[in-house]
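The values are calculated or read from the model by the stated rules, or taken from the named source; none is laboratory data. As the structure is a prediction and not an experimental result, all values here were calculated from the model. Neighbour counts are summed over all protein chains in view; Cβ atoms, including those assigned to glycine, are modelled from backbone coordinates with ideal geometry. Keep in mind that these areas ignore ligands, DNA and RNA; they rest on the heavy atoms of the full protein, side chains included. Shrake-Rupley method; radii C 1.70, N 1.55, O 1.52, S 1.80 Å.
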Amino acid sequence: MIGAILALLLYDLFESSLLALSGADTLTAIGFTLPLTTALTAIAIGLSIRSNCKVVKSACLDKANLASTMTTTILMSVLIVSIFALCAYAANQQLLSLLGNNHWAEINLTHEKAALLNQQQEYMAARYIGWVFLALVWQVNAILRAVGHAVLASSLMFSWLALKSILAVLLLTPSSNLFINALSGLAYVHVICDFIFALISLLILIKKSQLSFPTLSVINLQIASPKKDAVIVILQQLVTPLSMALMTIIAANIDYSYVAAFAFILRMESLFLLVPMVLTTSMPAVIGSNFWSGNKHRVKQAYLMAFSAIILSQLIIAVTLFFYSPYLSTTLCSQDTVASYITRYFTWVSWGYLSIGCIMVYQSCLNAKGKALQALILGVFHRIVLLLPLAYIGSIYVLKDGYYQGMLFGHVTNASIAINDHFYQGILAGHMLSGVLILVFLYKNKTLTQSTATKPLNSPTQASMKSFTNNPA
C-alpha cells in the first residue's frame with residue numbers, strides 16, 4: 001500500500017502544480033473549496049474504514065455471512081453518501097460563504113474573476129455528483145484489503161490515479177490543445193475517472209467474492225439497525241475538514257495569499273505523512289483481526305512497530321524540511337508570494353508531524369477494535385480543543401510566522417503545558433510530547449500492558465508472520 005498511497009498523495013500535489021499555472025486567483029479559488037472537497041473524501045474514507053472493520057470482523061467470526069456483509073455495507077455507504085451529497089449541493093453557496101469565499105470574490109472583481117467564480121460553482125457541483133463514485137472506489141478498495149487482496153487493491157488505486165494524471169495533463173495544462181478552464185477541467189477529471197473506476201472496482205469485487213444483491217428484508221434490517229458506530233466514524237472523519245475550514249477562515253483574515261498557499265500546503269502535508277497514512281490503511285486489519293481473535297500480544301507488537309516507524313520517519317522528514325523547504329516550495333509553486341508562505345509553514349509545523357502521525361494511526365486502530373467513540377474524543381481533543389485556539393492566538397498576537405507556530409503547538413503538545421517560543425525547535429521534546437495523549441489512551445485501555453509471553457487464545461504457539469499482513473488471523 002505504500003506505493004498506492006504515495007501515488008495518491010503525489011497526484012494531489014501534481015494537481016495543485018497544474019492549477020498554479022493558471023494564476024494565484026485559481027489557487028485561491030481552489031483553496032476555499034479544499035475544506036469541502038476534503039470533507040467529501042473524509043466521509044468516503046470514514047465509511048470505508050467502517051466497511052473494512054465490519055468485513056474483518058465477519059471474516060474472523062462469521063465467515064458464512066461474509067458476502068452478505070460486503071454487499072450490505074456497500075449499499076448503506078451509497079445511501080449515506082447520497083444523502084450527504086444532496087444536502088451539500090443544496091447548501092454549497094452558504095458553505096463557501098462561511099469560509100470567506102464571497103468576501104474574497106467582491107474584492108477587485110473583474111470579468112476574469114467572475115468567470116473563475118462560475119467555474120468554482122461548476123467544479124463543486126461536479127464533485128457532489130461524483131461523490132457516490134468516489135465513495136464506491138474507496139469502499140471496494142477497503143473491502144479487498146480486508147479479505148487479503150492488498151496487491152489487487154493497490155493495483156486498482158495505481159490505475160485510478162494514472163488515468164487521473166493523464167486527464168489532468170490533457171485538460172489542465174494551458175499549452176494543451178484540450179485545455180479547459182482550470183476548475184472546469186478539474187471537474188471533468190474527477191467525475192470521469194471516479195465513475196470509470198467505481199464500475200471497474202465493483203465488477204472485480206463481484207467476481208472475486210461472488211456477491212449477490214441482498215433481499216429486501218436484509219436491506220430493511222440494515223436500514224433499521226442502529227447506526228451509532230457509522231455516525232461516530234463519520235464524525236471522526238469530519239473533525240479534520242472542520243478544523244481545516246476554521247483555519248481557512250483564520251488565514252483569510254490575515255491574507256488571502258495564505259488561502260492560496262493552503263491549496264499546496266494541505267496536499268503537501270499529506271505527502272509528508274505518507275507512513276502514517278499507509279499504516280491507517282493496513283493497521284486496522286492487523287489490529288482488528290488479532291484483537292477479535294484474542295491475540296493481544298500481537299496487538300501490542302503491532303502498536304510498538306507502528307509507533308516506532310512513525311516517530312523515526314517523521315523525525316527525518318522534519319529535519320529535511322527545516323533545511324530544504326525553501327527549495328521545495330519554489331520548485332512546486334510558480335507564485336513567489338505563495339511559495340514563501342509554504343516555506344514558512346513547513347519550516348515550523350513539520351515538527352508536529354510526530355504527534356499527528358501517531359494519533360492518526362491510533363484512531364484507525366481504535367475503530368478496528370470497536371472503540372469508535374474513544375477515537376472521536378482523541379481527534380476532537382487534538383484538532384479542535386488544542387489546535388484551533390492556539391492557531392487563533394498565534395494569528396492575533398504574533399506576526400504571520402506566529403500563525404504557523406500556533407498550529408505547530410497544537411500538533412506537538414497535545415497536553416496542557418507551558419509553551420515557549422523555541423519549543424518547536426526541540427526534536428526530542430516533540431518526540432516525547434507527541435506521545436503524551438496516546439499514552440493516556442493506551443494506559444487506560446491497557447493496550448501495552450499485555451505480556452508478549454501470553455499465549456494467544458485461539459492460535460498456535462508458533463505465531464505465523466502472516467498475522468502482520470492484511471489476511472484475517
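Some notes on this structure:
- Whole-number accessible area per residue in Å² for segment 106-192, which is evaluated in the context of all protein chains at 1.4 Å: 41 Å²
- Evaluated over segment 93-183, the Cα radius of gyration and Dmax, each in Å: 18.0, 55
- Relative packing of peptides 16-28, 274-286, 197-209, 310-322 - highest average C-beta neighbours within 10 Å first: 274-286, 16-28, 310-322, 197-209
- Rounded to the nearest 10 Å², the accessible area of Leu304 at probe 1.4 Å: 80 Å²
- P(r) tail for segment 25-122: Cα pairs beyond 23 Å make up 45% of the total.
- Each label was represented as a point 7 Å from its Cα along the Cα-to-Cβ direction; for Ala125 and Lys207 these points are 3.7 nm apart.
- Near Ala67: Cβ cut-off under 14 Å, other residues only, Lys/Arg at +1 and Asp/Glu at -1. The net charge is +3.
- Accessible-area composition of segment 59-186, carbon plus sulfur, in percent [1.4 Å probe]: 66 percent
- Per residue solvent-accessible surface (Å²) - segment 291-368, probe of 1.4 Å: 36 Å²
- Between Ala64 and Leu373, the modelled labels are 3.2 nm apart [label points 7 Å from Cα along Cα→Cβ].
- For segment 263-357, the fraction of 1.4 Å probe accessible surface lying on carbon and sulfur atoms is 70 percent.
- Averaging Cα coordinates gives a centre for segment 309-332 and one for segment 232-268; these two points are 21 Å apart.
- Multiplying the residue separation of Asn118 and Leu21 by 0.36 nm and removing their Cα-Cα distance gives an extension gain of 33.0 nm.
- Note on Ile83 and Leu271: the model spin-label points, each 7 Å out from Cα along the C-beta direction, lie 3.8 nm apart.
- Coarse-grained scattering of segment 94-147 at q = 0.16, 0.27, 0.31 Å⁻¹, given as base-10 log I(q)/I(0) from a Debye sum over alpha-carbon atoms: -0.63, -1.03, -1.13
- Student exercise, segment 267-384 dipole from Lys, Arg, Asp, Glu Cβ charges, in Debye to nearest 20: 500 debye
- Whole-angstrom gap from segment 136-184 to segment 83-132, using each part's C-alpha centre: 23 Å
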